[in-house]
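The next block holds one structure in the form of structure tokens; read it before the comments.
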Amino acid sequence: MSDPFADMDALDREAHRWLTLLLSGEASTVDADALRLWRHQSPAHEQAFLRARKRWRDYGRAGEALLAKGARASWRSPKPVFSKPVLSRRTMIGGAAVGSMAATAAYLMIRPPLGLWPSLSEFAADYRTGTGEQRDIALANDLSIRLNTQTSLMAPSPSGGIDKFELISGEASFARLVDANRTLNVIAAGGLSKTRNGRFDVRNIDAQVCVTCVSGEVEVVLGAASAVIGPGQQLRYGAGELQAARATDIGVSTAWQDGYLVFRSTPLSDVVTEINRYRPGRVVLVNAELATNLVNGRFEIRRTAEVLQWIEQAFGVKGRVLPGGVVLLG
């Protein structure tokens with residue numbers, strides 16, 4: 001097998017070694033600190049890391065082979081030479097879960113089964129939240145961001161009067177606290193949401209994106225198509241299609257920020273998908289006939305176990321609990 005990583009300069013090779021360390025299952029929080037410092041040394045370092053990540057996506061199997069041959073055996077991360085940045089909690093989760101074999105670790109990090117731990121792109125984000133975790137981020141230029149559970153956000157350096165972010169996955173609320181005469185751009189699954197004075201939420205689950213405007217105006221662009229939405233409007237896109245804007249209940253759409261899950265005639269399959277974002281393990285709906293049953297209710301996020309009990313009682317199903325927090329409903 002040819003080595004897909006052979007034709008690289010010194011910086012690209014170093015970025016590849018960093019990524020190999022991440023995939024090895026042996027990375028520590030010290031390594032995470034050092035990697036983030038390395039990435040922020042210059043735009044060239046950041047671009048080298050992004051190229052390395054793309055190579056792993058394109059050559060996943062080849063990457064596994066390299067790991068199996070001990071590509072990282074003699075390399076460790078350099079010690080940071082200046083103060084460490086603050087990392088989000090649980091940034092380095094998943095290493096132990098992937099197993100002891102390096103090749104297996106690479107495969108499972110790129111394609112995590114049942115979404116039980118973060119994928120590679122999520123793992124390398126600037127900001128992350130774990131399962132059931134929310135986080136508030138206060139940034140320069142009067143920007144405020146709240147991350148919902150299982151959310152990964154990239155934050156490139158601002159440039160040209162534009163604050164840029166990429167929502168890799170999950171859900172986040174963005175707000176410009178004052179009119180700073182700057183544009184806020186949020187990329188998600190190939191689409192762009194931008195505003196100068198708005199507050200809006202972006203949800204990106206499996207490359208299906210929903211943008212909700214809470215105040216001000218938000219322009220959403222996908223390819224050659226674009227639309228502007230105002231307060232109380234919502235817009236969805238995915239698979240290259242930008243759907244028409246529609247009215248939404250802001251109280252329902254933003255309930256997660258108050259600690260609640262609100263369902264209004266929501267198919268049970270969608271309810272189960274949402275629950276899985278807030279609890280460890282995985283709930284699996286094994287009876288397909290139950291998927292279309294509608295759920296109405298308001299539940300506290302911190303009491304997801306009660307939601308499962310409600311489902312069992314409402315639909316007469318029994319949950320079978322398996323190791324690892326897996327629950328079979330049906």
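A Cβ distance below 8 Å, combined with a sequence gap of six or more or placement on separate chains, defines the contacts here; from the stretch 174-203, residues that are without any contact (Cβ under 8 Å) to a residue 40 or more places away in the chain reach residues that are surrounded by 22 or more Cβ atoms within 10 Å (Cβ to Cβ) and among the basic types (Lys, Arg) in the pairs Thr195/Arg176; Arg196/Arg176; Asn197/Arg176; Gly198/Arg176; Arg199/Arg176. There is at least one residue in the stretch 202-219 that is outside any loop (DSSP other than H, G, I, E, B) and small (Gly, Ala, Ser). When Ala224, Ala255, Ala245, Ala189 are checked against the criterion of being closer than 26 Å to Gly160 by Cα, of a type outside the set (D, E, K, R) and surrounded by 16 or more Cβ atoms within 10 Å (Cβ to Cβ), a single residue qualifies: Ala189. In the stretch 203-217, the condition of being of a type in the set (Asp, Glu), buried (at least 20 other Cβ atoms within 10 Å of the Cβ) and within 20 Å of the chain's Cα centre (by Cα) is met by no residue. Only residues that are of a type in the set (Phe, Trp, Tyr) and not in a helix (DSSP H, G or I): list them for the stretch 299-322, please. Listed by number, the list holds a single entry, Phe299.
State yes or no: is Ser269 part of a helix (DSSP H, G or I), in contact (Cβ under 8 Å) with a residue 12 or more places away in the chain and among the polar types (S, T, N, Q)? Yes: the conditions hold for Ser269.
Sub-8 Å Cβ pairs linking a first residue in the stretch 273-289 that is within 18 Å of Asp206 (Cβ to Cβ) to a second residue that is assigned to a loop (DSSP other than H, G, I, E, B) and hydrophobic (A, V, I, L, M, F, W, C), at least 6 apart or interchain, are Arg282/Leu116; Leu285/Ala291, ordered by first then second residue. Looking at Leu308, Leu268, Leu322 in this structure, which one is surrounded by 15 or more Cβ atoms within 10 Å (Cβ to Cβ) and farther than 30 Å from Phe200 by Cβ? Testing whether each residue is surrounded by 15 or more Cβ atoms within 10 Å (Cβ to Cβ) and farther than 30 Å from Phe200 by Cβ leaves just Leu308. Against the test of being in contact with a Ser or Thr (Cβ under 9 Å, 6 or more places away or on another chain) and either at pLDDT 95 or above or of a type in the set (Asp, Glu) (or both), the options Ala172, Ala138 yield a single qualifying residue, Ala172. Within the stretch 248-256, one or more residues are free of Cβ contacts under 8 Å to residues at least 12 places away in the same chain and not in a loop (DSSP other than H, G, I, E, B). Counting only residues that are buried (at least 19 other Cβ atoms within 10 Å of the Cβ) and over 15 Å from Asp126 (Cα atoms), which one in the stretch 19-49 is modelled with the highest pLDDT? Per the criteria, the residue is Ala48.
Tell me which of these Asn296 doesn't satisfy, since it passes every other one: (1) modelled with pLDDT of 90 or more; (2) part of a strand (DSSP E or B); (3) under 23 Å from Val252 (Cα atoms). Of the numbered conditions (1) modelled with pLDDT of 90 or more; (2) part of a strand (DSSP E or B); (3) under 23 Å from Val252 (Cα atoms), the odd one out for Asn296 is (1).
The values are calculated or read from the model by the stated rules, or taken from the named source; none is laboratory data. Note that the structure is predicted; figures quoted are calculated from it, not measured. All Cβ positions, even for glycine, are placed from backbone atoms using ideal geometry, and neighbour counts span all protein chains on display.
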